[in-house]
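The values are calculated or read from the model by the stated rules, or taken from the named source; none is laboratory data. The structure presented is a predicted model; accordingly, all values stated were derived computationally and were not measured. Cβ placement follows ideal geometry from the backbone for every residue including glycine, while neighbour counts extend to all protein chains displayed. In case anyone asks, the SASA skips ligands and DNA or RNA and just uses the protein heavy atoms, side chains included. Shrake-Rupley method; radii C 1.70, N 1.55, O 1.52, S 1.80 Å.
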Amino acid sequence: MSLEDAINVGVFTQYDDDEEDDMHFEDDVELGNEDLKEIFPDTISKYLSKFASAITKEDTDDIKACYSQYWRRYSNMYYKDKPWPEPHYVYRLTNNNIFVKLYTELYFRHLHERMASQLTLTQRSESYDNFVELIDYIVEAEEPVPLSLPYQWLWDIIDEFIYQFLEFNKFKVQNRGKLSDEDQAFVEEDEETTWNILVIINSLQAFVRVSKINEQLEAYHKGTVIEDPIAEVDLYRFLGYFSLVGLMRLHTITGDYAQALDTVANIEANSAFSSHIPPACYVSLYHFVGFCYLMMGRYQDAVQKFNTILDYLLKTESQLKTPTGFNTIRKQKEQMFSLLALAHTLSPQQLEDQVSKEMMKKDGELIRKARAGKLDAVQEMFTRGLPNFLDPSVCFEGFGEEERTKFSDPKLEQMKVFMDTIKLQSKLYHVRSFLELYKTLKVAKLAALLGMKEEEVVSLLHFFKRKGNQLVWESGSPRSGERKSAESLDFYIDDDTIHIASLTVSKTFAERFVKESQRVIKTMESTASNKFSGNQRHNNNRRHNNNNGNNNNRRNNYNNNNNQGRTGRKKIYYKNKGGDQ
């Protein structure tokens, strides 16, 4: 019997925990069966009981169905614009502490998703406390805890942990000076503990430490394995893996790009666990790694990262339209297209055909303006793709009113840093556009075209040469690389003449042949399919006409028989009847 059938029929056994769990849920509400019936619709009561039973039995199929399918379905059916029943009611229903902690995470996630404007400080604080207790339960256990959660749920826990931390800091910034005295006292009292960035980082690092995920990835790269009773369990392994991606994201939005790349050094070096990683995790990884490369001036690496993940998203777009994380993926996709357009403008490279077409469709006009030297277009592309940054004044101590005013908008500060670098390169757009037109060019002629002195042009060409040689990743750590020309052209100056060579690599004959062959095969298959459909319609028409002809013949025979009169028909009937006898 399927899980859905079980829910509809009511084949459920309520879980009774005879043994004491490691985690204790405070019980301060006494409820009877009649009270539970008023709080829980019959379907929800059975669903939560089944969910709790599946968690206890570690039934991965039922857990996955309850989490990935039925939670969102019943949220839309029963709790679309209101919260689920509070966790202490669920405890009375299931008597299962571990499940209630997991349910509480889903409960507050639902509030953040559907009723964010109605969240109170107490609810934000309670959600944080539940996260900390759940993490402590998993991390501090001497033996692997009896939990078998879907990989998607594990990623969602880490992602939601960081998301609610960012939302709490955003709430503090937006309501600075607007809170009541009671709420302000609450914030100041719990400022060092509740949603503190150091606690968030330490919690994620605890998963990394206990799971020994870095050691596992290094061993995988060497073709060996490590033996550890806890690290070998999927729950710890994937929580550690996802925590590395979460830490990388935190370092990125605090502006520490080098540390962010170092955090995922072992992930970038190999593709361990790739078949089990949720798409949202991969998108987040490539998004923030690409952004780090962009801010570090490694435009060629940024283009490669964005090109790779966007090509994957475009090819699997129909498969990714699932409720879990789809809106986040779609938002990040739009941001990455803007960042790709910007990085490609600064360092033109060959892109996948589909990615290039989509990029030009979305940002073609801004790319043309940016290549013409208009900084407003560069700023607009950067603003569109910029992730949300942490306000340091609410994350770190020691910020007075003057510092808070100075760093009031962290996005604006990042944009200023980036635009200062771009302004130095703005004249290079014009230089590149002229160099692309010639194989040899006199310095004096280039100076006349640019309206500059020859000495200034020579200095500008040296700057162009230096900026064109970027650190490009080949293998190993994301921060490693070799110095290579990232430009589509190269040149050298001999006396007063500039010698220019194009470095654009055209597609090979074999690659073009394969691509054109695939296109021809698709066309032939489409033509054959249409021809088959046409023949089938033609045959159906012929069959239809033949049937009409046969029907007409039968109708004529019937009419002829009618002309013979009723007596003739009786003679035939009785004759046949006698024959049968």
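Worth a mention:
- Taking segment 127-160 as the range and being of a type in the set (A, V, I, L, M), farther than 15 Å from Ile63 by Cβ and part of a helix (DSSP H, G or I) as the test, the residues that pass are Val132, Leu134, Ile135, Ile138, Val139, Ile158.
- Given (1) of a type outside the set (S, T, N, Q); (2) farther than 25 Å from Gln123 by Cα; (3) open to solvent by 50 Å² or more (accessible area, probe 1.4 Å); (4) at pLDDT 60 or above, index of the condition Arg92 fails: (2)
- Annotation: of all residues in segment 53-62 being in a helix (DSSP H, G or I) and touching a Ser or Thr at 6+ places or on another chain (Cβ under 7 Å), the one that is farthest from Tyr91 (Cα to Cα) is Thr60.
- Positions within segment 360-382 being in contact (Cβ under 8 Å) with a residue 24 or more places away in the chain and open to solvent by less than 10 Å² (accessible area, probe 1.4 Å), in sequence order: Asp363, Ile367, Ala370, Val378, Met381, Phe382
- For beta carbons closer than 6 Å, sequence separation of 6+ or different chains, a first residue in segment 40-52 that is in a helix (DSSP H, G or I) and of a type outside the set (Gly, Ala, Ser) and a second that is surrounded by fewer than 20 Cβ atoms within 10 Å (Cβ to Cβ) and at pLDDT below 90, the qualifying pairs are Lys46/Gly10; Lys46/Phe12; Lys50/Phe12.
- Counting only helices (runs of 4 or more DSSP H) that sit wholly inside segment 218-297, those with at least 3 residues that are farther than 23 Å from Tyr163 by Cβ are 265-269.
- Residue check for Tyr163: farther than 14 Å from Leu235 by Cα and surrounded by 20 or more Cβ atoms within 10 Å (Cβ to Cβ): no
- Options Ala265, Ala260, Ala272, Ala280: the member that is modelled with pLDDT of 90 or more and open to solvent by less than 10 Å² (accessible area, probe 1.4 Å): Ala260
- Conditions (1) over 19 Å from Leu313 (Cβ atoms); (2) open to solvent by 70 Å² or more (accessible area, probe 1.4 Å); number of the one not met by Gln354: (1)
- Criterion: on the phi < 0 side of the Ramachandran plot and open to solvent by 10 Å² or more (accessible area, probe 1.4 Å) - qualifying residue of Val210, Val245: Val210
- Verdict on Thr252 being closer than 30 Å to Ser125 by Cβ, within 25 Å of the chain's Cα centre (by Cα) and without any contact (Cβ under 8 Å) to a residue 24 or more places away in the chain: no
- Going through (1) within 21 Å of Pro278 (Cβ to Cβ); (2) surrounded by fewer than 17 Cβ atoms within 10 Å (Cβ to Cβ) one by one, Glu188 falls short only on (1).
- Per-region count, segment 214-242, residues closer than 23 Å to Cys292 by Cβ, surrounded by fewer than 18 Cβ atoms within 10 Å (Cβ to Cβ) and of a type in the set (Gly, Ala, Ser): 0
- Residues of segment 95-114 satisfying the condition of being open to solvent by less than 10 Å² (accessible area, probe 1.4 Å) and not in a helix (DSSP H, G or I): Asn96
- Residue match in segment 77-87 (condition: open to solvent by less than 10 Å² (accessible area, probe 1.4 Å), assigned to a helix (DSSP H, G or I) and modelled with pLDDT of 90 or more): no
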